[in-house]
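The values are calculated or read from the model by the stated rules, or taken from the named source; none is laboratory data. Please read all numbers here as calculations on a predicted model, not as lab measurements. Note that each Cβ is placed from the backbone with ideal geometry, even for glycine, and that neighbours are counted across all protein chains shown.
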Ligand code: GRF
């Protein structure tokens, strides 16, 4: 059986589109059931429609609406792709997997977690002057950018990088990393690694 998933996205949806393309190309591995957005005007919704995937606008506050869609579609996994809201506990509970010990919910975050969680991660990493940056796909829990790590990919900050070229280097890795992570989950061959505790946590 292929893995079924829904995507939650708030914005442009380049990662969402890469995941939908993967599902279209490798339908034996994964099926994308719907894309859910908290923003009616999110370009990600249009990307789903173009691919013939159900595109659903649900305001972030409407948890009953989210749960009703999940109960109808019964996805195995959820992939957050630029979803700018925190998933509420009942939604996370829907995806809870006791064998795995966590929720079957993935997120992509543009830093080498546990470094630079939260908003504007590219800006944070650039401002900190790190010689090596990266992208993380991780499991979502009730805290922000906190759950176990599934996959990471690193890139170097080159001597001449300004913020735009630095971020472009990272953005160029994001889509493939997310697809590789979802492919690993679909194959059942993956390991999760806890994040080391953050300072002050
Ligand atoms: C990406 O940088 C992703 O890592 C972060 O939000 C951004 C979403 O971009 N979580 P897109 O909508 O997938 O283009």
Residue that is surrounded by the most Cβ atoms within 10 Å (Cβ to Cβ), among those in segment 147-194 that are under 15 Å from residue 113 (Cα atoms) and more than 16 Å from the ligand (Cβ to nearest atom): 148
Candidates 74, 25 - the one that is out of contact with any helix residue (DSSP H, G or I) (no Cβ under 9 Å at 6 or more places or on another chain), loosely packed, with under 15 Cβ neighbours inside 10 Å and more than 17 Å from residue 175 (Cβ to Cβ): 74
Would you mind listing the strands (runs of 3 or more DSSP E) fully within segment 10-105 where at least 3 residues are more than 17 Å from the chain's Cα centre (by Cα)? 54-57
Filter segment 61-86 for residues that are in contact with a strand residue (DSSP E or B) (Cβ under 7 Å, 6 or more places away or on another chain) and within 16 Å of the ligand (Cβ to nearest atom); the one that is farthest from residue 21 (Cα to Cα) is 83
If we keep only residues of segment 126-146 that are within 12 Å of the ligand (Cβ to nearest atom) and assigned to a loop (DSSP other than H, G, I, E, B), then the residue farthest from residue 15 (Cα to Cα) is 144
Before we move on, is residue 132 over 27 Å from residue 102 (Cα atoms), surrounded by fewer than 20 Cβ atoms within 10 Å (Cβ to Cβ) and out of contact with any strand residue (DSSP E or B) (no Cβ under 8 Å at 6 or more places or on another chain)? no
Could you tell me whether segment 79-92 includes any residue that is farther than 20 Å from residue 136 by Cα and surrounded by 17 or more Cβ atoms within 10 Å (Cβ to Cβ)? yes
Output the residues belonging to segment 1-60 that are over 25 Å from residue 139 (Cβ atoms) and either within 10 Å of the ligand (Cβ to nearest atom) or modelled with pLDDT under 95 (or both). 43
Among the residues of segment 107-125 satisfying the criterion of being surrounded by 21 or more Cβ atoms within 10 Å (Cβ to Cβ) and assigned to a helix (DSSP H, G or I), which is nearest to the ligand (Cβ to nearest atom)? 121
In segment 113-128, how many residues are in contact with a strand residue (DSSP E or B) (Cβ under 9 Å, 6 or more places away or on another chain) and farther than 22 Å from residue 87 by Cα? 3
